[in-house]
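A short worksheet on the structure shown next.
The values are calculated or read from the model by the stated rules, or taken from the named source; none is laboratory data. Given the structure is predicted, the values throughout are model-derived calculations rather than measurements. Cβ placement follows ideal geometry from the backbone for every residue including glycine, while neighbour counts extend to all protein chains displayed. Ligands, DNA and RNA are excluded from the accessible area calculation, which covers all protein heavy atoms including side chains. Shrake-Rupley method; radii C 1.70, N 1.55, O 1.52, S 1.80 Å.
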Amino acid sequence: MSSNWRISSFNGALLAAYFIPVWTIIAFSIMVSPIHGLYERPSVSIAFYASDYLHLGKMTTVRLAWLLALARITVVAFFGVFLAMAAFSPLRKTSSGADEALAVALCLGSVLSFASMMMASKVGEIEALRMHAAELLMLLGTAIVMLFETSPKRTAESSAAKSSTAKAPAAETGAPAGGLSLQQP
């Protein structure tokens, strides 16, 4: 394994290994049979909420099911883009495109899981609530790791910048002698 894999990239790859097959199967079952797929365990809370609280008609429920399948496939696509960019070594070393694709997948997946969890709570589907809460915690855990993890490239640049400003006189850097500049972290 390469030495430039960060923990958030590794964690994102593990998440992608879960979400890509599971959410693809769920989305395709909804695409094949929208009503039947919507009333299966992963989406039952949304179906019950739509029928109990929103009083949707048949065609509107089918459209809701297709919209849910589209949302799941979108998250799967962003996880796929993340895996492709993370697997290609030159891209991983030079750009943060993989991190951006992972961030979008985490954001969209978290919103979908949170909404599903709240709907499951409202309609009393305990098993669906547990499943959506577990998915939400996995997504949020990776997002928190990404948020607080510093890039090795940024750390090296900031240490190089600190060493060069420490050698420069205070008059050249614009900072008072012995004081910290407002631009330093």
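So the values come out like this:
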{"read-out": "Yes/no for M119 being open to solvent by less than 70 Å² (accessible area, probe 1.4 Å) and closer than 26 Å to A13 by Cβ", "value": "no"}
{"read-out": "Only listed residue being at pLDDT below 90, in a helix (DSSP H, G or I) and not β-branched (V, I, T), chosen from S121, S159", "value": "S159"}
{"read-out": "Scope the stretch 122-148; condition without any contact (Cβ under 8 Å) to a residue 12 or more places away in the chain and under 17 Å from S9 (Cβ atoms); matching residues", "value": "I144, L147, F148"}
{"read-out": "Single match in S33, S43, S51 (criterion: modelled with pLDDT under 95, over 22 Å from the mean Cα position of the chain (by Cα) and within 22 Å of S121 (Cα to Cα))", "value": "S51"}
